[in-house]
Amino acid sequence: MEKFLKDYQEFVKSIAKKFDDPEKELMTWGLGISGEAGDVAGCIKKTISHKDGQLPGIKENLGDTLWYIVAICNFYNWNLEDVIKENTDKLNKRYSEGVFTEKAACKRERIDWNENKK
Ligand SMILES: [Mg+2]
């Protein structure tokens, strides 16, 4: 799996647009995530509310969202596997006995990243 993720990161890097302005690059990848996640939401809405099955669209746009996530990892030279591991460790710590338990609710420590200047 580690090799697959590394290869995918390299693939994203190889086809990503090259920017002269790093702020423009980061903005493009960040807004790209939002746009593709919105497409996922739109497909889910059509599937549920309009009874218009959009499962292939949900799947495709999840992949597109991932592409932008990986583009940001590449921007910061982060290893995608490390990002996944960090998230897994956080969730394992928080939900070691399941998500919908009283203990999990007590352990929940939400960081407001808009306020946090880490
Ligand atoms: Mg898309």
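The values are calculated or read from the model by the stated rules, or taken from the named source; none is laboratory data. Predicted model only: the values in this text are computed from it and were never measured. Note: ideal-geometry Cβ built from the backbone for every residue, glycine included; neighbour counts use all protein chains shown.
Structure notes:
- Within the stretch 8-22, residues that are under 20 Å from Asn79 (Cβ atoms) and in contact (Cβ under 8 Å) with a residue 60 or more places away in the chain have Cβ atoms under 9 Å from residues that are outside any helix (DSSP H, G or I) and polar (S, T, N, Q) in these pairs: Gln9/Asn79, counting only partners at least 6 apart in sequence or on another chain.
- Any hit, the stretch 2-15, residues being within 16 Å of the ligand (Cβ to nearest atom) and surrounded by fewer than 17 Cβ atoms within 10 Å (Cβ to Cβ): yes
- Matching residues, the stretch 49-104, being within 16 Å of the ligand (Cβ to nearest atom) and either outside the structural domain of Tyr8 (by TED's automatic domain parsing) or of a type in the set (Gly, Ala, Ser) (or both): Gly57, Gly63, Ala71
- Flag for Ile44 being surrounded by 11 or more Cβ atoms within 10 Å (Cβ to Cβ), among the β-branched types (Val, Ile, Thr) and away from the ligand (no atom under 13 Å from the Cβ): yes
- With respect to being surrounded by fewer than 16 Cβ atoms within 10 Å (Cβ to Cβ) and either within 19 Å of Lys3 (Cα to Cα) or modelled with pLDDT of 95 or more (or both), Gly35 fits the description.
- Tally of residues being assigned to a loop (DSSP other than H, G, I, E, B), within 23 Å of Lys24 (Cβ to Cβ) and not aromatic (Phe, Trp, Tyr) across the stretch 51-97: 1
- The number of residues in the stretch 5-64 being of a type in the set (Asp, Glu) and closer than 19 Å to Ile84 by Cβ comes to 4.
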